[in-house]
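Below you'll find the structure, written out as structure tokens, and then a few comments.
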Amino acid sequence: MVDQIRNFINGEYVDGVGTFDDINPVDGSLAAQVHTADKGVVDRAVKAARDALNGPWGSMSTPERVAILRRIADRIEERFDDLLAAEIRDTGKPVELAKTLDVYRASANFRSFTDTAASAGLDAFITEPANGSNALMYAVRKPLGVVGVIVPWNLPLLLLTWKVAPALATGNTVVVKPSEETPASAALLGEIMAEAGLPDGVYNVVHGYGDTGALITTHPDVDGVTFTGESKTGSAIQKAVSDRVLPVSFELGGKNAALVFEDANIEETVAGLTHSLFTNSGQVCLCTERVYIQRPVFDEVVAGLKESAQKLKIGTPYEEGTQFGPLISAKHREKVHGYARLAKEHGAETIIGGEIPDMPEELAGGSWYTPTLWTGLEHTDQVMREEVFGPVAGLIPFDTEEEAVRMANDTEYGLASAIWTTNLERAHRVAPKMNVGLSWVNTWYLRDLRAPFGGSGLSGIGREGGVHSFDFYTEPVNVAIKL
Ligand SMILES: O=C(O)C(=O)/C=C/C=C/O
């Protein structure tokens, strides 16, 4: 019997109105059948969320909510292996990555936002205007209400909990739609939260494709939408909710640049770039797809990256030492491979990769690809401007710092950048000049969960992280009392 992945509504698993296939990207096998939510199922989920808001959850004190969320973090850690198995079956990612990033961050996200909720103060002022009408001002935070949460397939559990933890910590209830590619961990989290004592209806999960997502975002009883995914989907959501001027928080795509200066530590830079190019097989919105290298060290860095890419161990998730897994689906691999063909047509030199690897017979059905590096592309080339969302990067030389900053900022996106230099003045001069939300120096994807996280331009709207998340998931009410 194939596994069934159901919707989770009001504290129990609920059948859908049909099923779709959840494919294991390692070998193309059927991992599970997923129950599709139609309007009736989505309405049921939104009603459960509203009833929970009007029930015990809505009147719970912050310390009571925080206590439950800390138990959720504990329960996630107790059921670490179940979540790990679910995430790996859906994504095919290496077990080391799923352990140290995806499932690790699930409990870390809950712990970070409960700490913030437990310690957050209020804005307050004593008003003493010249006309003597003194007053006490204080702002209280009220939850947005029922929040629609639409999350992607690349870091399914990490991104889900990155949104659900602050939403619940501030008293909201949620209706979640995970990606159709990766439904398992979101569904499993339902029973884990119930085991930790979360009241029924606070956390609900419905499955389906974009049309199911649209049922949530356009639902008249949803009070806000948080979405991580492709920019064009974000734009479609914004259009769909614009009549209601619904609050949205978007963490969208990127075409992230790295700048390598001639004074960089080349060995550290090559190791760091390999990480930022090929982590999760390049399927992270923060990954680098444009590398600008100061001319005196261009050949050395290209050679170093070629060597480190060749050394990456491509393999199945549980194989010892696997560092590079399959892409999420055959469809996504076709998109990535399409850019490799385009790069070649545009005269790029393929330093490594750009092909579908020969895998053993039992893995031939998987969506495997190879780490890919190009030189010889123009900075203005389509491949250097559009998000590929795969293990690919164009390498381009530059001469002056000003030229590097100009090219890095010459993009419609604005999510992340990485600067590699040992010159402290240059680091502090250049890092703030990047038109991004996250500007790393001599590192990549180093995170503090309290810091603002998000992007500008096509990379999104708003910031999440620490109190920045609370600015989205709550509506402050400023109370003014005449003294
Ligand atoms: O690390 C995070 O908190 C986060 O949101 C990562 C997002 C990656 C998207 O692809």
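The values are calculated or read from the model by the stated rules, or taken from the named source; none is laboratory data. All values reported here derive from a predicted model rather than from experimental measurement. Every residue, glycine as well, gets a Cβ built from its backbone with ideal geometry; the counts of neighbours run over all protein chains shown.
State yes or no: is Ala167 among the aliphatic types (A, V, I, L, M), out of contact with any Lys or Arg (no Cβ under 9 Å at 6 or more places or on another chain), more than 11 Å from the ligand (Cβ to nearest atom) and free of Cβ contacts under 8 Å to residues at least 24 places away in the same chain?
Values: among the aliphatic types (A, V, I, L, M): yes; out of contact with any Lys or Arg (no Cβ under 9 Å at 6 or more places or on another chain): yes; more than 11 Å from the ligand (Cβ to nearest atom): yes; free of Cβ contacts under 8 Å to residues at least 24 places away in the same chain: no.
Against the criterion (among the aliphatic types (A, V, I, L, M), out of contact with any Lys or Arg (no Cβ under 9 Å at 6 or more places or on another chain), more than 11 Å from the ligand (Cβ to nearest atom) and free of Cβ contacts under 8 Å to residues at least 24 places away in the same chain), Ala167 does not qualify.
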Output the qualifying pairs, or none if there are none: Cβ atoms under 6 angstrom, residues six or more apart or on different chains, first residue in the stretch 447-468 and within 10 Å of the ligand (Cβ to nearest atom), second residue hydroxyl-bearing (Ser, Thr, Tyr) and at pLDDT 95 or above. Leu449/Ser112
Listed by range, strands (runs of 3 or more DSSP E) wholly within the stretch 126-178 having at least 2 residues that are modelled with pLDDT of 95 or more and surrounded by 23 or more Cβ atoms within 10 Å (Cβ to Cβ) are 146-150, 173-177
Report whether or not Glu320 is away from the ligand (no atom under 16 Å from the Cβ) and either outside any loop (DSSP other than H, G, I, E, B) or not small (Gly, Ala, Ser) (or both). yes
Pull up the stretch 82-114, narrow it to residues that are over 14 Å from Leu160 (Cα atoms) and among the basic types (Lys, Arg), then point me to the one that is farthest from the ligand (Cβ to nearest atom). Arg89
Out of Leu273, Leu252, I need the residue that is farther than 19 Å from Pro397 by Cα and among the aliphatic types (A, V, I, L, M). Which one? Leu252
Counted residues in the stretch 28-57 being more than 30 Å from Gly145 (Cα to Cα) and in contact with an Asp or Glu (Cβ under 6 Å, 6 or more places away or on another chain) come to 3
Just give me the residues in the stretch 246-303 being within 13 Å of the ligand (Cβ to nearest atom), touching a Gly at 6+ places or on another chain (Cβ under 6 Å), on the phi < 0 side of the Ramachandran plot and outside any strand (DSSP E or B), in sequence order. Leu252, Cys285
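I need the full set of residues from the stretch 378-424 which are assigned to a loop (DSSP other than H, G, I, E, B) and crowded, with 21+ Cβ neighbours inside 10 Å, in order please.
Once the filter is applied, which keeps residues that are assigned to a loop (DSSP other than H, G, I, E, B) and crowded, with 21+ Cβ neighbours inside 10 Å, the stretch 378-424 yields Glu387, Val388, Phe389, Gly390, Pro391, Thr411, Tyr413, Gly414, Leu415, Thr421.
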Could you tell me how many of the residues in the stretch 23-47 are more than 19 Å from Tyr473 (Cβ to Cβ), of a type in the set (Gly, Ala, Ser) and either free of Cβ contacts under 8 Å to residues at least 60 places away in the same chain or surrounded by 19 or more Cβ atoms within 10 Å (Cβ to Cβ) (or both)? 4
Over the stretch 277-333, the set of residues more than 30 Å from Asp399 (Cβ to Cβ), surrounded by fewer than 24 Cβ atoms within 10 Å (Cβ to Cβ) and among the hydroxyl-bearing types (Ser, Thr, Tyr) is Thr316, Tyr318, Thr322, Ser329
